[in-house]
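Single-structure report; data block below.
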2 protein chains.
Amino acid sequence: MELQEIIKEKGRLFMGEEVPDEYLTDPYIEEIPDVYAVALPTRHEEVVELVKFAKEKELTIIARGAGTGVAGAQVPIHGQELIIDVKLMNQIIDLDEETFTLTVEPGVLVGDIHQYVEALGYFYPPDPASKHSSIGGNVATNAGGIRAVKYGVTRDYVREMTVVLPSGEEMTLGSLNIKSSSGYDLLDLFIGSEGTLGITTEIKLRLLPLPEVEQTMLISFEDVFKATEGALAILASGADPSEIELFEKEAVYYAEEHLGYPLQTQLGEAYLLVTLDGNDELELKARINTIIEDVEPLSLEVLSFTDPDEARKAKLIRDNILIGLMEFTQYEMLDEVVPINKFAELIHYTKGLQEKHGLSVLNFGHSGDGNVHTILMRGDLTDEEWQTRRKALLDDLYKKVKELGGLPSAEHGIGTVKKSYLAQMTDDVNLHYMRKIKEVFDPENRLNPGKLF
Amino acid sequence: MELQEIIKEKGRLFMGEEVPDEYLTDPYIEEIPDVYAVALPTRHEEVVELVKFAKEKELTIIARGAGTGVAGAQVPIHGQELIIDVKLMNQIIDLDEETFTLTVEPGVLVGDIHQYVEALGYFYPPDPASKHSSIGGNVATNAGGIRAVKYGVTRDYVREMTVVLPSGEEMTLGSLNIKSSSGYDLLDLFIGSEGTLGITTEIKLRLLPLPEVEQTMLISFEDVFKATEGALAILASGADPSEIELFEKEAVYYAEEHLGYPLQTQLGEAYLLVTLDGNDELELKARINTIIEDVEPLSLEVLSFTDPDEARKAKLIRDNILIGLMEFTQYEMLDEVVPINKFAELIHYTKGLQEKHGLSVLNFGHSGDGNVHTILMRGDLTDEEWQTRRKALLDDLYKKVKELGGLPSAEHGIGTVKKSYLAQMTDDVNLHYMRKIKEVFDPENRLNPGKLF
């Protein structure tokens, strides 16, 4: 069978010269080789046919969704690969109110899922910054986001999924059952496997009832150590915040410039933006008071926004750090993670690297779960300076992350760009068995080869 | 090296005739063959040596903890196996208050973990009925329990564990990091693998702050369908209960007889025992009121216990159903699970099986997560009648569970006794890849062979 017999519709198949530029450029990967073809299936059966075609022709396959990945997992690196882009498989199939389950195709954007379920009184908690990322990509990277401290990550909300294996076989992982002690957990093995084990064609997500009230606090601290201490105190208080975001004054500057207004507090060098949700106004107030009691001795100022506009303004500052920064410089964003009590130590360490390597860094992140987003800023460095210095800085940084018991990626994935760091930070025995598991599902190394390890 | 050189202390090694009876009897497995030896290591290094010894001597190995498993996973079935009993590895090693992590050896009993952490203001939510089960066994079966509806299962509380592989290699799975997108999730693969992939020698558990207040409600319904409707309404209300236990009047009888007092409501045929926890008395009251509003139209009576003694009495009734039943008859307890909206249908179906197979059944279970405990009662049946009838009933029952999208085991595991049902209820492709994964870690099929599949 030829590709044109599988994907008959024009505009859903691009070969050779016709392949659009979006598939051959990436902000994180410099040189992208030509691909064999790009196919955009609209149904599970087409994905199966495409995988069988690739097997017959001995082509390697890259699964791709919204293309927003920042680790290069969805980018071809070998040449003459078949890209299966599932972005047209973007239907919300069903919301089952009895089992609190949303069935979606992998190309649905996570922002669209939020909108859809919230309008019906439901809640899909994982909230990665990129609302334009696809749910298939979220599952492939086990995406996190700002609400992980209370609600967990994508892994915690996938009940079931259908995958096409490199053999062309179809497999359903997980089930609608809430508990299981019935065989090996293949579902969790596939979540976060970055398209190296199978191609997801349908996902059943677990929903919660939508919380009815929400309130946000902004707390300023002398420095990032005090702010981390504050975050730990909040976690220990039992106040159960849904978000504990930490950012430095230095990072806030870029958002303030971009948005044209100042953050509501200007005291200190580090801030926590804490959000609580619930179903009862009074109870929320009680939890906020618990936090105030516990963090006041550690902090310089505690603002609790009763006006939702003020909360929105503070959140916008946090959300616009990167957008603001973009107007000043090219940058690279990391997503390293350390145990929560090492958060400040890591951020402090990154400061020391600035002078050593002649490269400016900023930090913000999810202090409730130890996930730092360190930003390396290029400034006016030449290509060569930038590459040499960033490489040297990353080597130091990831060495420190390892020493603190951390991992190279909390939520973006390893893809192509963090492969060497994963190898350095993972025990050989673990890497060995990961590779053996890859061989079990993909003995011909057909699916996203050269990614992860 | 000989076994006596690895385990030098008398009383920690039993060979041939010396092997105590507890290792050779089991309520669920009739004939148990002789074993090669039983070794009780006290350190990780001894486990490594024992596994290497078994490899050299080509012995198969069974890991065992408190021995409370009800699926026969910890029972020898082949003859001449080496039992590694970790019950003396029972130290609570560390409670790290900064990362909310408890480090334990696998032989620690789950009841002892509860006691230890609660005295220090922490909370380990998984709460299986058997407080005398070991945490290693809880991890091996992904144990659930009554609080799963709010807090999830054992899987959700294991941050990291150290395992000894059949090769004698040591591997650390997971980490103290809360988020990870850094390679395949080997940790979740090992959780629930019933001792077939590795032997756990250390576990790091995630703790929560201990909730400060708790209240229990008892709600009576006309029948099990109405009670299930009530459970779904409570789940949808956002009231976030920590327990939604369902039991039938028929089952309550045995507990009442055993305890010598009646359940506080005698109306209707089915009951929900609902517990809520939190940190604020008023907020808890508000959530209780939400439940009352939502379930009153569906129910016959709603009791909300402000007196903790009354709550305790109602919970004791629930906890004593099996103990009470024991005085009347031998029984077999199942732990099947179905999607939550199929709970009543399954229970109703089991009733129909009574007449067909001439066997009485009772049901109770965790209606918040679809996990039914169906009890088959032997009564005065002969051995042969009992075996024939229970087998025929189980065949029908598990066929129905499959039809409803369910699984054979929610929390006890497959072990030996549910193997054929797992095979029937699992797609061949899934079983195939589970077996291939087993081969990756255990190519000589040395670890707990013949269990699971």
Among (1) more than 14 Å from every other protein chain (Cβ to nearest Cβ); (2) out of contact with any helix residue (DSSP H, G or I) (no Cβ under 7 Å at 6 or more places or on another chain), the one test that residue A:427 misses: (1)
Any hit, region A:315-331, residues being under 24 Å from residue A:236 (Cβ atoms) and in contact (Cβ under 8 Å) with a residue 12 or more places away in the chain: yes
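Listed here are the residues, each with its yes/no results for (1) basic (Lys, Arg); (2) surrounded by 21 or more Cβ atoms within 10 Å (Cβ to Cβ); (3) within 15 Å of residue B:183 (Cα to Cα); (4) free of Cβ contacts under 8 Å to residues at least 60 places away in the same chain.
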residue	(1), (2), (3), (4)
A:390	yes, no, no, yes
A:405	no, no, no, no
A:408	no, yes, yes, no
A:420	no, no, yes, yes
A:427	no, no, yes, yes
A:432	no, no, yes, yes
Residue identified as assigned to a strand (DSSP E or B), within 14 Å of another protein chain (Cβ to nearest Cβ) and in contact with a strand residue (DSSP E or B) (Cβ under 6 Å, 6 or more places away or on another chain) among B:373, B:412: B:373
Only listed residue being closer than 30 Å to residue A:170 by Cα, outside the structural domain of residue B:192 (by TED's automatic domain parsing) and of a type in the set (Lys, Arg), chosen from B:400, B:351, B:391: B:400
Test result for residue A:368, within 9 Å of another protein chain (Cβ to nearest Cβ), at pLDDT below 95, in contact with a helix residue (DSSP H, G or I) (Cβ under 6 Å, 6 or more places away or on another chain) and open to solvent by less than 20 Å² (accessible area, probe 1.4 Å): yes
Filtered residues of region B:251-276 (kept if touching a residue at least 60 places away in the same chain (Cβ under 8 Å) and within 22 Å of the chain's Cα centre (by Cα)): B:251, B:252, B:255, B:272, B:275, B:276
Residue in region B:181-198 that is more than 11 Å from every other protein chain (Cβ to nearest Cβ) and out of contact with any Cys (no Cβ under 6 Å at 6 or more places or on another chain) present: yes
Region B:85-111, residues that are under 21 Å from the mean Cα position of the chain (by Cα) and farther than 15 Å from residue B:203 by Cα: B:85, B:111
Selected residue (criterion: surrounded by the fewest Cβ atoms within 10 Å (Cβ to Cβ)) from residues of region A:144-177 that are at the interface with chain B (Cβ under 7 Å from one of its Cβ atoms) and out of contact with any strand residue (DSSP E or B) (no Cβ under 7 Å at 6 or more places or on another chain): A:169
Among the residues listed as B:284, B:300, B:362, the single one being of a type in the set (A, V, I, L, M, F, W, C) and not assigned by TED's automatic domain parsing to the domain that holds residue B:255: B:362
Which listed residue is in contact (Cβ under 8 Å) with a residue 12 or more places away in the chain, within 11 Å of another protein chain (Cβ to nearest Cβ) and either in contact with a Leu (Cβ under 8 Å, 6 or more places away or on another chain) or surrounded by 22 or more Cβ atoms within 10 Å (Cβ to Cβ) (or both), from B:248, B:229: B:229
Scan of region A:273-324 for residues that are in contact with a Ser or Thr (Cβ under 9 Å, 6 or more places away or on another chain), basic (Lys, Arg) and open to solvent by less than 60 Å² (accessible area, probe 1.4 Å), ordered by number: A:287, A:315
Test for residue A:190: is it at pLDDT below 95 and either surrounded by 19 or more Cβ atoms within 10 Å (Cβ to Cβ) or not hydroxyl-bearing (Ser, Thr, Tyr) (or both): no
In region B:434-452, the residues that are facing another protein chain (nearest Cβ under 9 Å), open to solvent by 10 Å² or more (accessible area, probe 1.4 Å) and either at positive phi or free of Cβ contacts under 8 Å to residues at least 12 places away in the same chain (or both): B:436, B:439, B:440
Matching strands (runs of 3 or more DSSP E) fully within region A:81-159 where at least 2 residues are farther than 26 Å from residue A:409 by Cβ: A:92-96, A:101-104
Residue pairs meeting the criteria (Cβ under 6 Å; at least 6 apart or on separate chains; first within 12 Å of chain A (Cβ to nearest Cβ) and part of a helix (DSSP H, G or I), in region B:332-357; second open to solvent by 10 Å² or more (accessible area, probe 1.4 Å) and acidic (Asp, Glu)): B:341/A:98
Region B:415-440, residues that are part of a helix (DSSP H, G or I), under 20 Å from the mean Cα position of the chain (by Cα) and polar (S, T, N, Q): B:420
Condition check for residue B:51: outside any loop (DSSP other than H, G, I, E, B) and in contact with a strand residue (DSSP E or B) (Cβ under 8 Å, 6 or more places away or on another chain): yes
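The values are calculated or read from the model by the stated rules, or taken from the named source; none is laboratory data. Source: prediction; values computed, not measured. As a convention, Cβ positions derive from the backbone with ideal geometry for all residues, glycine included, and neighbour counts pool all protein chains shown. For accessibility, only protein heavy atoms count, side chains too; no ligands or nucleic acids. Shrake-Rupley method; radii C 1.70, N 1.55, O 1.52, S 1.80 Å.
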